[in-house]
Amino acid sequence: MPTLMLDRDRCALIVIDLQKGIALDPSLRPHTSENVIANATRLLEAFRGRGLPVFLVRMELSKDAALDPESDLPPLDPLDSPPGFADLVPELSPAISDVMITKRQWTAFHGTELEPQLRRRGVTTIALCGVATNFGVEGTARIAYEYGYQQVFAEDAMTASSEEEHNCSVNILKRMGRVRSAEEILQAMR
């Protein structure tokens, strides 16, 4: 695998759904929520330290904005969301320079300000992490790929409901960008 090179002046970090109602699930695999949050926090601090854009994305369920397709599994019910569902985990306390994105669907692009905010900042490369690898991260990555962004994925700063789901998505993400550890991304930023 080639050494990761980043255009550090045109790179942004996008953190997907590291919020109390999603990221604190003790059954997440293959990486625990503690490890994912710790690695995402390291990336967050490095991006902030270099003055690079950080986008903190959270899912907020809303009955009037939710999709309601016919499917084999029922969609999440906004009325069943516990209090604090959309609150970011405490380790990701937003800085004044961070951009908060609230989404209603799996992808952070659909119906949000993410794409224009990236363009305004001249971002050409995004680093992605978060939960779940196979929903929010992969969904966002697919749209970013179609928009032409270069992408790097912090494999140990994302996780899913099962190791199989995570690994399947990681294989797909390898077709859209570069999959590396949080440490490899941090090394590329130095």
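Let me spell out the model: positive unit charges on the Cβ of Lys and Arg, negative unit charges on the Cβ of Asp and Glu, origin at the Cα centre of the chain. What dipole size does that give, in debye rounded to 20? Intermediate values should be presented prior to the final figure.
Working: 20 positive and 27 negative charges, 205 e Å.
Here the chain has a charge dipole of around 980 debye.
Return an integer: the convex hull volume of the alpha-carbon atoms of the chain, in Å³ per residue.
Values: hull volume 22.9 nm³, N = 190.
Output value, Cα hull per residue: 120 Å³.
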Please report, in debye to the nearest 20, how large the charge dipole of the range 97-136 is about its Cα centre when each Lys and Arg carries +1 at its beta carbon and each Asp and Glu carries -1 there. 80
Please list 3J(HN,Hα) in residue order for the range 121-136, calculated via the Karplus relation 6.51 cos²θ - 1.76 cosθ + 1.60 where θ = phi - 60°; whole Hz, with x for glycine and proline. 8, x, 6, 10, 10, 10, 9, 10, 8, x, 10, 9, 3, 8, 10, x
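Using the crude model of +1 on Lys and Arg Cβ and -1 on Asp and Glu Cβ, and no other charge, please compute the dipole size for the range 79-146 relative to its Cα centre, in debye to 20. If you can, show how the numbers build up before the last one.
Values: 6 positive and 8 negative charges, 56 e Å.
Here the size comes out at about 260 debye.
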Leading residue at positive end of dipole, the chain (Cβ point charges), from Gly148, Phe85, His166: Gly148
Mean-square fluctuation maximum in Gaussian network of the chain, Cα pairs under 10 Å, restricted to Glu113, Glu70, Glu146, hits Glu70
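Order by neighbour count: Ile96, Ile185, Ile37, Ile101, fewest other Cβ atoms within 10 Å first, most last. Each step should come with its number before you reach the end.
Working: Ile96 4, Ile185 27, Ile37 24, Ile101 19.
Ranked by crowding around the Cβ, least crowded first: Ile96, Ile101, Ile37, Ile185.
Give the order of Phe135, Phe47 when sorted by the count of other beta carbons within 10 angstrom, beginning with the fewest.
Least to most surrounded, the residues fall as Phe135, Phe47.
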When the Cα centres of the range 1-27 and the range 81-118 are compared, how far apart do they sit, in Å? 13
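Fewest to most neighbouring Cβ within 10 Å: what's the order for Met59, Met189?
Working: Met59 22, Met189 18.
By the 10 Å Cβ count, ascending: Met189, Met59.
None of the figures in this text is laboratory data; all of them are computed from the coordinates on show. All values derive from a computational prediction rather than experimental measurement. Virtual Cβ from ideal backbone geometry, glycine too; neighbours counted across all protein chains shown.
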